[in-house]
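The values are calculated or read from the model by the stated rules, or taken from the named source; none is laboratory data. Everything numeric here is computed off the predicted structure, so don't read it as measured data. Using ideal geometry, Cβ is built from the backbone for each residue, glycine included, and neighbour counts are taken over all protein chains shown.
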């Protein structure tokens, strides 16, 4: 009897995580990248499109634009829902001239599924 219970618990442990993570993938697209010549302190307004499995617009995501300067300091800009399902808008301001790594946290509703999507680094010009 103990072996049967142990076997059932083991099987449940193998099956349940797959169910909990079913559909655990999102893609992120940006309406634009910062334009060359964007000055520090000037806003870059970007629309983020979050799609589950690259197809279904996600109405319950909580995306953020994340930029990191050369010194490693992280700046986070939360995006807000737009009228279009699965689309979110963020207003990003680069605080100083320099090179920044650019990422978008998709804000997938299940924290264990959420991830940061990286884009090519951007250079913000000095005024």
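Within region 105-122, restricting attention to residues that are touching a residue at least 60 places away in the same chain (Cβ under 8 Å) and either exposed (fewer than 12 other Cβ atoms within 10 Å of the Cβ) or farther than 21 Å from residue 59 by Cα (or both), the residue that is farthest from the chain's Cα centre (by Cα) is 122. No other residue among 28, 19, 85, 50 is farther than 26 Å from residue 127 by Cα and modelled with pLDDT under 95 apart from 19.
Residue selection: residue 85 fails the criterion of being crowded, with 18+ Cβ neighbours inside 10 Å and in contact with a strand residue (DSSP E or B) (Cβ under 7 Å, 6 or more places away or on another chain). Only one of 66, 99 is exposed (fewer than 13 other Cβ atoms within 10 Å of the Cβ) and assigned to a strand (DSSP E or B). Can you tell me which? One residue alone meets the criteria, 99. Based on this model, can you work out whether residue 40 counts as in contact with a strand residue (DSSP E or B) (Cβ under 9 Å, 6 or more places away or on another chain) and more than 21 Å from residue 23 (Cβ to Cβ)? Yes, satisfied. When region 39-50 is filtered for residues that are within 17 Å of residue 83 (Cβ to Cβ) and surrounded by 13 or more Cβ atoms within 10 Å (Cβ to Cβ), the ones remaining, listed by number, are 46, 47, 48, 49, 50. All conditions in (1) in a loop (DSSP other than H, G, I, E, B); (2) closer than 14 Å to residue 29 by Cβ hold for residue 110, with the sole exception of (2).
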